[in-house]
Amino acid sequence: DTGVSQDPRHKITKRGQNVTFRCDPISEHNRLYWYRQTLGQGPEFLTYFQNEAQLEKSRLLSDRFSAERPKGSFSTLEIQRTEQGDSAMYLCASNERESYNEQFFGPGTRLTVL
Amino acid sequence: AQSVTQLDSQVPVFEEAPVELRCNYSSSVSVYLFWYVQYPNQGLQLLLKYLSGSTLVKGINGFEAEFNKSQTSFHLRKPSVHISDTAEYFCALNQAGTALIFGKGTTLSVSS
């Protein structure tokens, strides 16, 4: 059990560019969650998957955001036409059906949009 | 709508002193309650959770929390803190299988 991993850990981009983040959950965890955490705030839910199906999306997930989990394993979160307001820590978490009450978090990807 | 309110944004304390981090929640249905800790530039680590049963929950690193349904609170306590407890602490809730709803966090600063 290597834990949840995220790549990259840090990303600096210019406004208007597209960025993509990857999350590898704990193996055999069928649920995967994305959260966004801005400075001085708690994490806010963006979306989650059960296997490859995206079950829920927050209103925070604008049309510029898209998430996929094509084979029910790793997931990607893409932000198109980044804005300075997208600067945040993007956290991924996973869990399994037997322990839906606990989510295991990755180290996060810190995005800075200049 | 469900929400979590952490009543203190910053809590400074001296080493070996006791500490309480306060958390109130709002929900019209039964929920699960959690405390997570976040060290600088890291993800969140679960300290403890309340699912059902005994209202006093013990977690890792000597922390404990008490669920109080009538006061809709889930305060975190530690009888004697260490420098290494300096971190951001988040209270959160959810229903089974759903996304977590977090409070804004409490920064615990332990000094010698």
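The values are calculated or read from the model by the stated rules, or taken from the named source; none is laboratory data. Just so it is clear, the model here is predicted, and its values are computed rather than measured. Cβ coordinates were reconstructed from backbone atoms using ideal geometry, including for glycine residues, and neighbour counts include every protein chain displayed. Note: areas computed on protein heavy atoms with side chains; ligands, DNA, RNA excluded. Shrake-Rupley method; radii C 1.70, N 1.55, O 1.52, S 1.80 Å.
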Handout entry: Where B meets A: accessible area buried, both sides, 1.4 Å probe, Å²
Key = 1600 Å²
Practice task
With just the Cα atoms of the protein assembly as shown, tell me how far they stretch along each of the three principal axes, in Å, largest first.
Solution key: 48, 37, 35
Problem - Lys pairs under 22 Å by Cα in the protein assembly as shown, provided they are eight or more residues apart or on distinct chains - result: 11
Completion exercise
Rounded to a whole %, the carbon-and-sulfur portion of the accessible area of the protein assembly as shown at a 1.4 Å probe is 46 percent
Handout entry: Most to least accessible of A:SER58, A:SER75 (protein chains only, probe 1.4 Å)
Key = A:SER58, A:SER75
Problem - In Hz, Karplus ³J(HN,Hα) per residue of segment A:70-85 (6.51, -1.76, 1.60; θ = phi - 60°; x = Gly, Pro) - result: x, 10, x, 10, 6, 10, 10, 10, 10, 10, 9, 6, 4, 10, 4, x
Exercise for the section: Can you check how the C-alpha radius of gyration of segment A:26-73 compares to 2.2 N^0.38 Å, as a plain ratio? Expected result: 1.21
Practice task
Using R₀ = 30 Å, calculate the FRET efficiency as 1/(1 + (r/R₀)^6) where r is the Cβ-Cβ separation of B:SER30 and B:HIS82; round to 0.05.
Solution key: 0.30
Problem - Rounded, prolate or oblate (a/c below 1.5 giving rounded, otherwise prolate when a/b exceeds b/c) for segment B:1-43 by Cα gyration tensor - result: prolate
Handout entry: Furthest towards positive pole of dipole, A:ASN95, A:PHE21, A:TRP34, structure part chain A, Cβ charges
Key = A:PHE21
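Using Cα-Cα distances under 8 Å and only pairs 6 or more residues apart, what relative contact order does chain A have, in percent? Don't jump to the answer; show the numbers that get you there.
Numbers: 288 pairs, mean separation 41.6, N = 114.
Relative contact order of chain A: 37 percent.
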Fill in the blank from the handout: Note to self: Kirkwood Rh of segment B:28-112, Cα pairs, one decimal, Å, is 13.5 Å
Completion exercise
Here FRET efficiency (C-beta to C-beta, B:SER70 to A:GLU102, R₀ 22 Å, nearest 0.05) is 0.30
Practice task
State which stretch of chain B is the longest one without any exposed trypsin sites (Lys or Arg not before Pro), exposure meaning a DSSP loop state and at most 14 other Cβ atoms within 10 Å.
Solution key: B:1-68
Problem - Sorted largest first, extent of segment A:9-111 alpha carbons per principal axis (Å) - result: 41, 29, 25
Fill in the blank from the handout: Among beta bridges assigned by DSSP with both residues in chain A, the antiparallel ones amount in percent, to the nearest 5, to 90 percent
Handout entry: Exercise: per-residue mean of other protein chain Cβ atoms within 10 Å, A:26-34
Key = 1
Practice task
Could you state the accessible area per residue of chain B in Å², with a 1.4 Å probe and every protein chain left in place?
Solution key: 48 Å²
Fill in the blank from the handout: Mean other chain Cβ within 10 Å across A:38-46 is 5
Problem - Reciprocal of mean inverse Cα separation for segment B:1-75 (Kirkwood radius, Å) - result: 13.6 Å
